[in-house]
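A quick write-up on the structure given underneath.
The values are calculated or read from the model by the stated rules, or taken from the named source; none is laboratory data. Bear in mind that the values here come from a model prediction, so they are computed numbers and not experimental data. No Cβ is skipped: glycine too gets one built from the backbone with ideal geometry, and neighbour counts run over all protein chains shown. Surface areas here come from the heavy atoms of the whole protein model, side chains and all, with no ligands, DNA or RNA. Shrake-Rupley method; radii C 1.70, N 1.55, O 1.52, S 1.80 Å.
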Amino acid sequence: MKITFPRAELKEAVAGFQKIVNGKSRSVPILGCIRFEAKDGTVTAQATDLDQYLTYTFPQAQSEDSGVFIVPLANLKDLAKGRNEESVEFACAGGKEDSIGVTNHVGEHAVQHNVPGIDPAEWPASPPKPDTRPAAGFLEAFRGMLPFVSNDETRPVLNGVCIEAGADNACTLVATDGRRLTCSRPIELPVTRRVVVPASKFLAWSG
């Protein structure tokens with residue numbers, strides 16, 4: 001199996017993955033990695049911290065054959081450095097003990113090295129995908145609440161933004177750190193009960 005990525009796409013993906021991969025990877029090394037899958041001509045990559053599962057689809061990546069392999073995020077950060085018009089290739093047989101061949105195209109040169117393979121069976125199972133509906137305006141309103149969210153880990157309910165469901169899907173976002181409190185104007189969201197959305201780095205990211 002071989003996958004070729006435009007470096008510009010790899011940069012974009014790595015920027016998002018860094019918002020998900022966190023300190024848990026020190027005690028659970030697999031969480032410091034990214035899972036790549038090529039299937040039916042589509043290439044996707046997934047990162048998780050066991051609370052969040054981020055999947056990125058590469059619109060321009062090209063794959064030969066189908067398969068799965070896992071690469072440490074630290075390696076991807078290095079490969080994302082360079083000119084956007086350059087490319088990066090990964091090649092492996094797809095077995096759990098295989099090393100992954102990496103070809104980094106830098107200018108007129110092709111730099112090759114290997115990354116140790118990781119058994120894809122070690123990757124955490126993803127939860128069932130829930131039904132979703134459009135939520136226009138949510139992220140903008142949510143990010144406006146973040147300066148008022150508490151950082152006190154002993155009060156986890158305040159470490160997020162509360163959505164107060166109203167009549168006819170008219171919802172209000174509320175945030176407080178125990179000293180200050182703010183709320184948004186009502187916005188239409190497909191929410192029918194009160195829920196607290198954690199103030200994650202990924203949702204705060206404007207990328």
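Please verify whether the stretch 2-18 includes one or more residues that are within 17 Å of Gly117 (Cα to Cα) and out of contact with any Cys (no Cβ under 7 Å at 6 or more places or on another chain).
Yes, the conditions are met somewhere in the stretch 2-18.
Looking at the stretch 7-47, which of its residues are open to solvent by less than 10 Å² (accessible area, probe 1.4 Å) and more than 16 Å from Phe90 (Cα to Cα)?
Answer for the stretch 7-47, where residues must be open to solvent by less than 10 Å² (accessible area, probe 1.4 Å) and more than 16 Å from Phe90 (Cα to Cα): Gly16, Phe17, Ile20, Leu31, Ala47.
Just give me the residues in the stretch 14-36 being touching a residue at least 60 places away in the same chain (Cβ under 8 Å), under 22 Å from Lys81 (Cβ atoms) and either part of a helix (DSSP H, G or I) or among the acidic types (Asp, Glu) (or both), in sequence order.
If the condition is that a residue be touching a residue at least 60 places away in the same chain (Cβ under 8 Å), under 22 Å from Lys81 (Cβ atoms) and either part of a helix (DSSP H, G or I) or among the acidic types (Asp, Glu) (or both), then Val14, Ala15, Gly16 are the ones that fit.
State all residues of the stretch 174-207 that are in a loop (DSSP other than H, G, I, E, B), of a type in the set (A, V, I, L, M, F, W, C) and either out of contact with any Cys (no Cβ under 6 Å at 6 or more places or on another chain) or closer than 27 Å to Gly23 by Cα (or both); if no residue qualifies, say none.
Ala199, Trp205
Can you spot a residue in the stretch 155-167 that is more than 30 Å from Val28 (Cβ to Cβ), open to solvent by 40 Å² or more (accessible area, probe 1.4 Å) and outside any loop (DSSP other than H, G, I, E, B)?
yes
So which of Pro124, Pro72, Pro130, Pro120 is open to solvent by 80 Å² or more (accessible area, probe 1.4 Å) and either more than 16 Å from Ala45 (Cα to Cα) or not hydroxyl-bearing (Ser, Thr, Tyr) (or both)?
Within the list Pro124, Pro72, Pro130, Pro120, the selection yields Pro130.
Within the bounds of the stretch 82-104, is there any residue that is of a type in the set (Gly, Ala, Ser), crowded, with 16+ Cβ neighbours inside 10 Å and in a loop (DSSP other than H, G, I, E, B)?
Yes, there is a match, as at least one residue in the stretch 82-104 is of a type in the set (Gly, Ala, Ser), crowded, with 16+ Cβ neighbours inside 10 Å and in a loop (DSSP other than H, G, I, E, B).
Matching residues to (1) farther than 20 Å from Gly207 by Cβ; (2) of a type outside the set (Val, Ile, Thr):
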| position | (1), (2) |
| --- | --- |
| Thr42 | yes, no |
| Ala45 | no, yes |
| Tyr56 | no, yes |
| Ala61 | no, yes |
| Glu64 | yes, yes |
| Val68 | yes, no |
| Lys77 | no, yes |
| Ala80 | no, yes |
| Ser87 | yes, yes |
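Of the residues Gly137, Gly166, Gly207, which single one is in contact with a Ser or Thr (Cβ under 9 Å, 6 or more places away or on another chain) and at pLDDT below 95?
Working: Gly137 fails: in contact with a Ser or Thr (Cβ under 9 Å, 6 or more places away or on another chain); Gly207 fails: in contact with a Ser or Thr (Cβ under 9 Å, 6 or more places away or on another chain).
Just a single option satisfies the conditions, and that option is Gly166.
Which numbered condition trips up Ala93, out of (1) on the phi > 0 side of the Ramachandran plot; (2) out of contact with any Phe, Trp or Tyr (no Cβ under 9 Å at 6 or more places or on another chain); (3) modelled with pLDDT under 90; (4) not polar (S, T, N, Q)?
With (1) on the phi > 0 side of the Ramachandran plot; (2) out of contact with any Phe, Trp or Tyr (no Cβ under 9 Å at 6 or more places or on another chain); (3) modelled with pLDDT under 90; (4) not polar (S, T, N, Q) applied to Ala93, the lone miss is (1).
For the stretch 65-75, state whether one or more residues are modelled with pLDDT under 95, in a loop (DSSP other than H, G, I, E, B) and under 25 Å from Ala15 (Cβ atoms).
no
Kindly indicate whether any position in the stretch 5-12 is within 11 Å of the chain's Cα centre (by Cα) and touching a residue at least 40 places away in the same chain (Cβ under 8 Å).
yes
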